[in-house]
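Scroll down for the structure; my scribbles are underneath it.
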Amino acid sequence: MVFSKLPPDWQLPETLVTPEAAFFNRRRFMKTLIGAGVGASLAGCRRPLTSKGLAELKSTYGQPIKSVVENPAFANLDRPVTEQRFASRFNNYYEFGMTKNIWPNAQKLPTEDWKVEVTGLVKNPKTYDRDDLLSAFPLEERVYRFRCVEAWAMVVPWIGFPMRRLIEAVEPTAAAKFVRFQSFYDPKITEGPTVSFSNLPWPYQEGLRLEEMANELAFFAVGIYGRTLPKQHGAPIRMVLPWKYGFKGAKSIVKIEFLAEQPATFWNTISPNEYKFEANVEPDVPHPRWSQKTERIVGEGNNWDWERRPTLLYNGYGDYVASLYS
Ligand SMILES: Nc1nc2c(c(=O)[nH]1)N[C@H]1C(S)=C(S)[C@@H](COP(=O)(O)O)O[C@H]1N2
Ligand SMILES: [Mo]
């Protein structure tokens, strides 16, 4: 067994190699990782940050966003907002590595000359640049629950605009039934320092039915915690779908395409019986490898020993979305 040969810090693989990442070649991953000597920095992410670490983390936070209106319908929840020092150093962004500690590596993402192409079955195809993303639509703040398929959860104050504003701007034709969202991908930049990801169906892509995209909750985030998105959260624009598992929310979007047919998506292509296209949060539908009945609320430390809460159907958003699935 590969893990028995590892030092104690390596014997908690789920703190380092996530359940979703079980598809990557674990044995080769562990070998190359140790060879590269990054074990110490990964183990470090399980301890509280030093003041130097905290300063480094804060240097990844974005620029303040002005003229944001708090949306009162999404201001208060049944649980407190997760502190940013937890949310912004516990991320899934596999283009930058397989652990939760990708935030330093994600700073390589080049966001300066960003373009988002909106294309396909629309009357007004458009390309938005980075400034457009902050100015084309009125920005609002929404505090949403966030639930990863790996059964951890948090509460995040996003800044952005409803996806339906984009639908109104580009006007899909009657033939448009699905939408495909594609993340940034450049293997020269994104490939993790230690692992070859070449067998995976990059670029990361996700999809929605057009009616799901038009739902009140479906959101494009350009900011978080009052500022533009840090790269580790998917700068400069990512999807937020609070009633679905987190993997549906593709980061660092470069292309949005309106289609007649359901698009292939990243996780669904890798393992269709574990990662459904629909991927709604449903406590009574277990993942084949673990239960979804409860979730852990991300907080101090990184040992997955946080407070457990019951998982809510549609992550607590049934009033908004249940009618989509009846
Ligand atoms: N491009 C891209 N988008 C992605 C991912 C990814 O690996 N690549 N991970 C997804 C998963 S599994 C989750 S849980 C969320 C995590 O978002 P956060 O790190 O901002 O909390 O991003 C999603 N979007
Ligand atoms: Mo996830």
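What follows draws every value from the coordinates through simple rules; no lab data is involved. Worth saying up front: this structure is predicted, and the values here are computed from it rather than measured. So basically every Cβ, Gly included, is an ideal-geometry build from the backbone, and we count neighbours across all protein chains shown.
Of Lys100/Lys188; Lys52/Lys244; Lys177/Lys248, which pairs sit farther than 26 Å apart, going by alpha carbon to alpha carbon?
Flagged as over cut-off: Lys52/Lys244.
For Trp152, the residues 5 or more places off, or on other chains, whose built amide H falls under 5 Å of its own are Arg296.
Packing around the peptides 256-268, 164-176, 274-286, taken as the average count of other Cβ atoms within 10 Å per residue, puts them in this order, highest first: 256-268, 274-286, 164-176. Annotation: peptides 139-149, 291-301, 52-62, ranked by per-residue average of other Cβ atoms within 10 Å with the highest first, follow the order 139-149, 291-301, 52-62. Protection proxy ranking of 108-117, 79-88, by the mean of other Cβ atoms within 10 Å over each peptide's residues and highest first, is 79-88, 108-117.
For Lys123, a cut-off of 14 angstrom between C-alpha atoms picks up these aspartates and glutamates, skipping any fewer than 8 places away in its own chain: Glu168, Glu171, Glu257.
The label point for Glu261 and the one for Glu83, both projected 7 Å from the Cα toward the Cβ, are 5.0 nm apart. In terms of the Cα gyration tensor, with a ≥ b ≥ c the square roots of its eigenvalues, is the stretch 25-325 rounded because a/c is under 1.5, prolate because a/b exceeds b/c, or oblate? The shape class here is rounded.
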